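Undergrad: I have a structure here, written as structure tokens, and I will follow up with some questions on it.
The values are calculated or read from the model by the stated rules, or taken from the named source; none is laboratory data. Being a predicted model, the structure only gives us computed values, none of them experimental. Cβ coordinates were reconstructed from backbone atoms using ideal geometry, including for glycine residues, and neighbour counts include every protein chain displayed. The area values use the complete protein model at the heavy-atom level, side chains included, leaving out ligands, DNA and RNA. Shrake-Rupley method; radii C 1.70, N 1.55, O 1.52, S 1.80 Å.
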Amino acid sequence: MKKIILILILALFAGSNYSLSQQWTTTPSPNPSSIRNILRGVGSVSSNDVWAVGESDEQPSSNLAMHWNGISWTVVSTPNPAIQYNALYSVAELSSNNVYAVGDCAGIPATSQMHI
């Protein structure tokens, strides 16, 4: 039985264009914080229209949103409703001009945040 499964797996890889050795491409991104930047979510419509969100860990921490236009990353200004802690965790891009980001802020009281 193990021999049959192995043959099926080998046949699957041999019949496809899938390669086990992939290469990553590194693209420099902006560093708005000299302390620490944390990316928590990414969303895209195409390879030339990508959004990444997270937090910039300066004190107080602030929302971090970046946009990839196919050539470079740009930091996009977002509101920071809390005085001490702000973070975006997820982003969904429905179209080039229709982007949703959600996160939280540790104001008093702590609340969720959503940016469109």
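Undergrad: Do we find that residue 51 is part of a strand (DSSP E or B) and modelled with pLDDT of 70 or more in this structure?
TA: On the way: part of a strand (DSSP E or B): yes; modelled with pLDDT of 70 or more: yes.
Spelling it out, residue 51 is indeed part of a strand (DSSP E or B) and modelled with pLDDT of 70 or more.
Undergrad: Next question, about the same structure. Quick one: residue 85 ticks every box in (1) in contact with a strand residue (DSSP E or B) (Cβ under 6 Å, 6 or more places away or on another chain); (2) open to solvent by less than 80 Å² (accessible area, probe 1.4 Å); (3) hydroxyl-bearing (Ser, Thr, Tyr) bar one, so which box is it?
TA: Of (1) in contact with a strand residue (DSSP E or B) (Cβ under 6 Å, 6 or more places away or on another chain); (2) open to solvent by less than 80 Å² (accessible area, probe 1.4 Å); (3) hydroxyl-bearing (Ser, Thr, Tyr), only one is false for residue 85: (1).
Undergrad: Next question, about the same structure. Report yes if residue 93 is modelled with pLDDT of 85 or more, part of a strand (DSSP E or B) and touching a Leu at 6+ places or on another chain (Cβ under 6 Å), otherwise no.
TA: Numbers: modelled with pLDDT of 85 or more: yes; part of a strand (DSSP E or B): yes; touching a Leu at 6+ places or on another chain (Cβ under 6 Å): no.
No.
Undergrad: Residue pairs, Cβ under 7 Å, 6 or more apart or interchain, first in the range 89-116 and open to solvent by 50 Å² or more (accessible area, probe 1.4 Å), second modelled with pLDDT of 80 or more and among the acidic types (Asp, Glu). List them.
TA: Close Cβ pairs (under 7 Å, with a partner that is modelled with pLDDT of 80 or more and among the acidic types (Asp, Glu)) amount to 96/49; 110/104; 112/104.
Undergrad: Another question about this same structure. Kindly indicate whether residue 80 is assigned to a strand (DSSP E or B), out of contact with any Phe, Trp or Tyr (no Cβ under 8 Å at 6 or more places or on another chain) and touching a residue at least 24 places away in the same chain (Cβ under 8 Å). Step through it out loud before you land on a result.
TA: Working: assigned to a strand (DSSP E or B): no; out of contact with any Phe, Trp or Tyr (no Cβ under 8 Å at 6 or more places or on another chain): yes; touching a residue at least 24 places away in the same chain (Cβ under 8 Å): yes.
So residue 80 does not fit the description; no.
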